[in-house]
Amino acid sequence: PRSSESRLRTMSLVERIQSNDPDLVDLRLTEIPEAYTSDMATLIDALKGNSVIQYLRFDRDFLPGLKPELAADLFKACGSLPGLKEALIWHASLPMEVLANFITLAQGLEHMQLGVLHLEGSESDFQSISKALEGHKNLKEFELSDFSVNDDSINIDSLLESLAGLPKMEKVKLEVTYQKRGSLVGSAAAAQKVKVEMTGKALAALIGSSTVKDLYISRLALNTEDVKALAAAIPSSPALKVLALSHCNLNDEACSAIAVAVHDSDKVESLDLSCNNISDEGCIAIATALTGNKSVKFLRLWGNVKISNNGFDALADMLDNNTVLERIPLMAPGEYKNRIDAKLVQNRSAANQAA
């Protein structure tokens, strides 16, 4: 009899899916569809009877090479997989209604990562994705990175509010692309600016979630009043440990609001404010807030080019009274970097000895 390994080499992917091959727990499709089957409809039909697949990854050339009329059927079949726990969907131009239907069907999904996507549809169509997420019982992680939309401007408050209400949600990451991908929408459309907006009220709802521990927001311009609303929710947040607001156009006033909030929190362990418009004023506010702080172990200020010696001096002085901070990635002159790093090494050593 042929060995299991030999049998798998001679079976097509469609046959493995049809037979519920126990080794096919992870389905990764990254090449053009023709690399897997000459008849994509047959593969889609095979998925409808599969109960083994738990992890799904579409990436690189697969979705761009898929005939548009097959997308809805493929995602419907994948969403109906009873064992599906994780989905990574990358590099595609995808109708929002197709994605919404997938989320509605995939109620066992725990981790969802969407990246390098152009979402086809209007702001009203985007509401269908938010609606599909409402009441999802198992989703723990949701990442929507490097995405763009058809409309020149879109508000995604409804998405944040839906995520805030999920009973098991622990990690949310939202990152807009600087511009649409020419490989997905063509060079003319790629020249259009992408503008995605959210309000402080919606962000505060997410921070106030009883389960969300990690929140990453990047390349979404936040105005100062919205940052203040976000910050006001931090001290009473029951779960938040990681807050990252990189490339969000934060100024010193916004930074100061976050500094005060973090000072009043005993749960936040990691704060990333990299690549914003923070100067010495904001840096000093952060240093003042973290003096004597007992929870924050990681502070990232990298890319805030307006911070100068006064800000670096404040960070070094703060570490005279802070024994918890372990890492502060930032661009500083050698003299200040050496002072800061020396104190951080002492903190890490003390933490390792206490462990």
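Among the conditions (1) under 18 Å from residue 156 (Cβ atoms); (2) among the hydroxyl-bearing types (Ser, Thr, Tyr); (3) open to solvent by 50 Å² or more (accessible area, probe 1.4 Å), the only one that residue 246 does not satisfy is (3).
Considered as a group, the residues in the stretch 221-238 that are closer than 22 Å to residue 167 by Cβ and open to solvent by 30 Å² or more (accessible area, probe 1.4 Å) include one that is farthest from the chain's Cα centre (by Cα), and that residue is 236.
Residues of the stretch 313-342 that are within 13 Å of residue 297 (Cα to Cα) and either assigned to a helix (DSSP H, G or I) or among the hydrophobic types (A, V, I, L, M, F, W, C) (or both): 319, 324, 325, 328.
The set of residues in the stretch 296-338 being modelled with pLDDT of 95 or more, open to solvent by less than 90 Å² (accessible area, probe 1.4 Å) and more than 19 Å from residue 271 (Cβ to Cβ) consists of 308, 309, 313. Among the conditions (1) at pLDDT 95 or above; (2) farther than 21 Å from residue 150 by Cα; (3) not hydrophobic (A, V, I, L, M, F, W, C), residue 60 misses just one, which is (1). Looking at the structure I just gave you, is residue 241 closer than 23 Å to residue 145 by Cα, open to solvent by 20 Å² or more (accessible area, probe 1.4 Å) and within 23 Å of the chain's Cα centre (by Cα)? Considered against the rule, which asks whether it is closer than 23 Å to residue 145 by Cα, open to solvent by 20 Å² or more (accessible area, probe 1.4 Å) and within 23 Å of the chain's Cα centre (by Cα), residue 241 comes out as yes.
The values are calculated or read from the model by the stated rules, or taken from the named source; none is laboratory data. Note that the structure is a prediction, hence the values are computed from the model and not measured. In this analysis, Cβ positions are derived from the backbone assuming ideal geometry, glycine residues included, and neighbour counts consider all displayed protein chains. Note: accessible area is taken over every heavy atom of the protein model, side chains too, but ligands, DNA and RNA are not part of it. Shrake-Rupley method; radii C 1.70, N 1.55, O 1.52, S 1.80 Å.
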